[in-house]
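A quick write-up on the structure given underneath.
Please treat every number below as a calculation from the coordinates, not as lab data. Being a predicted model, the structure only gives us computed values, none of them experimental. Positions of Cβ are backbone-derived with ideal geometry, glycine not excepted, and every protein chain shown enters the neighbour counts.
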Amino acid sequence: MNNSLTNTVRLLGAGLRALLVLTLVTGVLYPLAILAIAQGAFHEKANGSQIKADGTVVGSSLIGQAYELPLKKGQKTPEPDLTWFQGRPQNGLGTNSVNTQYTLILSGATNRSGDNEELIQWVKDAKAAVVKDNSTRAYKVKPSQVPADAVTSSGSGLDPDISPAYADLQVHRVAERNGLSAARVQRLVDEHTEGRTLGFMGEPRVNALELNIAVRELLAKS
């Protein structure tokens with residue numbers, strides 16, 4: 001009996017020491033080591049790929065934002081602020097799912113098939129809105145110019161980027177609304193267009209938030 005009790009105490013002691021050592025190694029030392037490596041080698045990404053304007057964090061290069069006007073009295077759905085470049089619709093088409101404001105706790109798309117009648121109508125309505133919103137006195141948008149990312153969201157509904165084609169489509173409207181030349185705004189789009197990752201992965205893209213910050217900085221200089 002004494003030997004059995006002694007062995008039990010010894011095993012419990014060994015187990016407790018193992019628990020403390022493993023807790024220290026895996027729960028303290030390892031996370032601190034990973035944190036140090038991340039902050040040293042990938043500081044920007046480790047901190048959320050933050051985007052700053054005038055020294056203030058205004059968003060992340062990984063998460064899209066909505067550019068909308070304040071709600072008017074009795075209004076339930078905000079209107080887009082056409083002063084700025086618009087991103088992709090927030091999850092689905094922006095009004096047909098639970099995530100309508102790039103809410104980070106929610107992610108996903110409509111999960112409707114391509115031949116779904118309701119989805120087809122949403123796309124048609126969104127396309128008509130893009131044509132109307134981006135046509136100016138001097139420049140008329142044709143329905144054939146509207147790219148797919150202007151009327152559909154990404155699989156996550158949080159895509160921060162738009163295609164160069166969609167950015168180009170908005171140039172004349174942004175220029176007119178801000179009293180800028182279309183050529184100058186087009187140069188901003190070209191300067192903020194990123195190519196395919198490593199030259200072959202993904203598609204060329206433009207980060208909408210970074211582009212809008214550039215527009216604001218240009219306005220400040222003007």
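For the ranges 141-148, 157-164, 57-64, what's the packing order if you count other beta-carbon atoms within 10 Å of each residue, average per peptide, and put the highest first? Mind dumping the intermediate values first?
Details: 141-148: 13.4, 157-164: 22.4, 57-64: 17.0.
So the peptides 141-148, 157-164, 57-64, ranked by packing, come out 157-164, 57-64, 141-148.
Rg and Dmax of the range 126-203, Cα atoms, in Å?
13.5, 40
Going highest first, how would you order 178-191, 67-80 by mean Cβ packing within 10 Å? Can you show the working numbers first?
Details: 178-191: 15.1, 67-80: 10.6.
Top of the packing list down: 178-191, 67-80.
Starting from the Cα of GLN145, step 7 Å along the direction of its Cβ; do the same at LEU22; then give the gap between the two resulting points in nm.
6.4 nm
Going by C-beta contacts inside 10 Å, put ASP133, ASP125 in order with the fewest on the left. Don't skip to the end; give the middle numbers.
Numbers: ASP133 16, ASP125 13.
Ascending Cβ contact count within 10 Å gives the list ASP125, ASP133.
For a 30 Å ceiling on Cα separation, which of these pairs sit above it: LYS124/LYS221; LYS72/LYS127; LYS73/LYS132; LYS73/LYS127? Please report the intermediate quantities before stating the final value.
Working: LYS124/LYS221 39 Å; LYS72/LYS127 24 Å; LYS73/LYS132 24 Å; LYS73/LYS127 27 Å.
Too far apart for the 30 Å limit: LYS124/LYS221.
For ILE51, enumerate residues with amide H under 5 Å from its amide H, sequence gap 5+ or separate chain, H modeled in the peptide plane.
Distant-sequence amide H within range of ILE51: VAL58, GLY59, SER60, SER61.
Give me the angle, in degrees from 0 to 90, between the Cα long axis of helix 164-178 and the longest principal axis of the Cα atoms of the chain, rounded to the nearest 10.
60 degrees
Can you compute the charge dipole magnitude of the chain about its Cα centre, using +1 on each Lys and Arg Cβ and -1 on each Asp and Glu Cβ, nothing else charged? Give it in debye, rounded to the nearest 20.
Details: 23 positive and 21 negative charges, 61 e Å.
It works out to roughly 300 debye.
Based on other C-beta atoms within 10 Å, arrange ILE34, ILE213 from fewest to most.
Ranked by crowding around the Cβ, least crowded first: ILE34, ILE213.
Calculated from DSSP H runs of 4 or more alone, at -39500 (n - 2.57) each and per residue, what is the 222 nm mean residue ellipticity of the chain, nearest 500?
Working: 7 runs with 96 residues, N = 222.
Taking each H run of at least 4 residues, the total per residue is -14000 deg cm²/dmol.
Using only the Cα atoms of the range 2-45, what are the Rg and Dmax in Å?
Rg and Dmax of the range 2-45, Cα atoms, are 18.1, 60 Å.
Rg and Dmax of the range 162-222, using alpha carbons, in Å: what are they?
Spelled out, the Cα radius of gyration and Dmax of the range 162-222 are 12.0, 38 Å.
At a Förster distance of 25 Å, what's the computed FRET efficiency of LEU198 paired with ALA46, Cβ-Cβ distance as r, to 0.05?
Values: r = 21 Å, r/R0 = 0.85.
Working from the Cβ atoms, E equals 0.70.
For PHE85, PHE200, PHE42, what's the fewest-to-most ordering of other Cβ within 10 Å of each Cβ? List each step's numbers first, then the result.
Values: PHE85 27, PHE200 7, PHE42 11.
The fewest-first ordering by Cβ neighbours comes to PHE200, PHE42, PHE85.
I need the fraction of alpha carbon pairs in the chain separated by more than 29 Å, rounded to a whole percent. Kindly include the intermediate steps, with their values, before the conclusion.
Numbers: 10439 of 24531 pairs.
In whole percent, the share of Cα-Cα pairs in the chain beyond 29 Å is 43.
How long is the gain from LEU11 to ILE37 if the chain were fully straight, where each residue apart is worth 0.36 nm and the alpha carbon distance is subtracted?
On the way: separation 26, 0.36 × 26 = 9.36 nm, distance 3.69 nm.
Result: 5.7 nm gained on full extension.
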